[in-house]
Amino acid sequence: MKIAVVGATGLVGTVMLKVLEERNFPLTELIPVASEKSVGKEITFKGKKFAVVNMDTAIGMRPDIALFSAGGSTSLENAPRFAEAGTTVIDNSSAWRMDPSKKLVVPEVNAHELSIDDKIIANPNCSTIQMVVALKPLHDKYRIKRVVVSTYQSVTGTGVKAVEQMMNERKGIMDGPMAYAYPIDLNVIPQIDVFTENGYTKEEMKMILETRKIMGDDSIKVTATTVRIPVMGGHSESVNIEFESEFDVAEVRDILSRTPGIIVVDDIANLKYPMPIDAHEKDEVFVGRIRRDESLPNTLNMWIVADNLRKGAATNAVQIAEYLVRNELI
Ligand code: 2RA
């Protein structure tokens, strides 16, 4: 099994390599791919060194799977080239997510949609992934009418430059390179990605549109406010869910506890609830602060935290690849 990682030297690409190694993915050859300036660099994987190659070389090596995290324009240009050469592409950019001909997959939710014909598969946005993992079992049981989500997103979602800006500001260096329009340390920025004509940001529209596509139900009403905060470990989300039917909070907690990929941390008597410092470098979705919204019938509040670089990106992509291999879909 030949696996290419396109964007292997980037933040998510590096985590993809780490996850492939940790999960002992059954690969026989690794093809790290990056821009020309990185060609020739060496990546160490399972104690062996692999030279970074460019896109054309990688396509010529005909990998079975290519995990992409190299931005939308690179994916739009090169994912079809890999697919034409027989490679199955799993892309972490937003390029293909809303393309009606492409599957948008969170394995715990809709891996069953995948078929051997899918040669370009979209990995959803990080803040969407962690939310739908928790929504799906509750939708199956109680049917969701409406979701209101507010996010508190790590600077790692922006990339290395944002992490550097935050760390500089924490050291009092306020004139360093800026990833954001404003200081992020001791601040929050209620804008992630650019604004669209309806006053929502692209990040908020991703959560609204991707959720419906992954859940396979356009009747679900979603509204979102996405906010950048100065943390590293992962994204946090306050989620308010109105169901079609009545529910029992203890039963909700039990359903979530029994759902693969979810860890319920919900013991307020002992101040136990999910936090980014605990989710960092983990692959699960952590759910807590589960409680009834007394202001509306059949409505629930909960708090969802996950490492956006892992389950929110790299691990989800690798889990899709694992599903393809396990079900002989490549
Ligand atoms: C962010 N979800 O957090 C976006 C892209 N990773 O910036």
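The values are calculated or read from the model by the stated rules, or taken from the named source; none is laboratory data. Computed from a prediction, not measured in an experiment: that's the story for all the values here. Positions of Cβ are generated from backbone atoms using ideal geometry, with glycine treated the same way; all protein chains shown enter the neighbour counts. Keep in mind that these areas ignore ligands, DNA and RNA; they rest on the heavy atoms of the full protein, side chains included. Shrake-Rupley method; radii C 1.70, N 1.55, O 1.52, S 1.80 Å.
Taking only protein heavy atoms and a 1.4 Å probe, the accessible area of the chain is 52% carbon and sulfur. Cross-link partners of Lys103 among lysines, defined as those whose alpha carbon lies under 29 angstrom from its own and excluding same-chain residues fewer than eight positions apart: Lys2, Lys18, Lys119, Lys136, Lys141, Lys145, Lys202, Lys206, Lys213, Lys221, Lys282, Lys311. Highest mobility in the GNM of the chain, judged by mean-square fluctuation with C-alpha springs under 10 Å and restricted to Asp175, Asp218, Asp91, is found for Asp175. Taking label positions 7 Å along the Cα-Cβ direction at both Asp254 and Asn298, the computed distance is 2.1 nm, reported to one decimal.
Considering only Leu20, Leu186, Leu30, the Gaussian network model of the chain with Cα springs below 10 Å gives its largest mean-square fluctuation to Leu186.
In sequence order, the range 293-309 has phi-based couplings of 8, 5, 7, 9, x, 6, 10, 10, 10, 7, 10, 10, 10, 7, 6, 5, 7 Hz under the Karplus curve 6.51 cos²θ - 1.76 cosθ + 1.60, θ = phi - 60°, and Gly or Pro positions carry x. Shown in residue order for the range 200-207 are the 3J(HN,Hα) couplings computed by the Karplus curve 6.51 cos²θ - 1.76 cosθ + 1.60 at θ = phi - 60°: 9, 7, 4, 5, 5, 5, 4, 5 Hz (x for Gly and Pro).
What net charge do the residues around Leu104 carry, taking every other residue with its C-beta under 14 Å from that of Leu104, with Lys and Arg at +1 and Asp and Glu at -1?
Values: positive: Arg97, Lys102, Lys103, Lys136, Lys206, Arg212, Lys213; negative: Asp91, Asp99, Glu108, Glu113, Asp118, Glu210, Asp217, Asp218.
Here the count lands on -1.
Computed about the Cα centre, the dipole magnitude for the range 241-280 is approximately 300 debye when only Lys and Arg (+1) and Asp and Glu (-1) carry charge, each at its Cβ. In this rough spin-label picture, where each label sits 7 Å from Cα along the Cβ direction, the Ser219-Arg326 distance is 3.0 nm. Just check the range 126-243 against the gyration tensor rule for me: Cα atoms, a ≥ b ≥ c as the square roots of the eigenvalues, rounded for a/c under 1.5, and otherwise prolate or oblate depending on whether a/b exceeds b/c. Note, shape of the range 126-243 comes out prolate.
For Leu309, no residue whose modelled amide H falls within less than 5 Å of its own remains once neighbours fewer than 5 places apart on the same chain are excluded. Around the amide H of Ile144, modelled in the peptide plane, lie the amide H atoms of Glu244, all under 5 Å away and 5 or more residues distant in sequence or on another chain.
A simple spin-label model places pseudo-atoms 7 Å from Cα toward Cβ; at Lys161 and Asp185 they are separated by 1.9 nm.
The phi-based Karplus calculation (6.51 cos²θ - 1.76 cosθ + 1.60; θ = phi - 60°) puts the 3J(HN,Hα) values of the range 261-273 at x, 10, 10, 8, 10, 8, 9, 5, 4, 10, 6, 9, 7 Hz, whole numbers, x for Gly and Pro. Counting pairs of alpha carbon atoms under 8 Å apart in space and at least six apart in sequence, what relative contact order in percent does the chain give? Relative contact order, the chain: 18 percent. Projecting the Cα positions of Tyr182, Ile3, Asn240 onto the charge dipole of the chain (unit charges on Cβ atoms of Lys, Arg, Asp and Glu, taken about the Cα centre) puts Ile3 furthest along the positive direction.
Full extension of the segment from Met174 to Asp278, taken as 0.36 nm per residue of separation minus the current Cα-Cα distance, would add 34.6 nm.
Among Glu108, Glu284, Glu251, the residue with the largest mean-square fluctuation in a Gaussian network model of the chain, with springs joining Cα atoms closer than 10 Å, is Glu251.
Run lengths n ≥ 4 of DSSP H only: what is the helix-derived mean residue ellipticity at 222 nm for the chain, with -39500 (n - 2.57) per run over all residues, to the nearest 500?
Working: 10 runs with 102 residues, N = 330.
My calculation for the chain gives -9000 deg cm²/dmol from helical runs alone.
Amide H contacts for Val264 (H built 1.01 Å from N in the peptide plane; partners 5 or more residues away or on another chain; cut-off under 5 Å): Val287.
Among 71-78, 142-149, sorting by the average number of other beta carbon atoms lying within 10 angstrom of each residue, highest first, gives 142-149, 71-78.
If you place +1 on the Cβ of every Lys and Arg and -1 on the Cβ of every Asp and Glu, how big does the dipole about the Cα centre of the chain come out, in debye to the nearest 20? Walk me through the numbers before you get to the answer.
Details: 38 positive and 45 negative charges, 95 e Å.
So the magnitude is around 460 debye.
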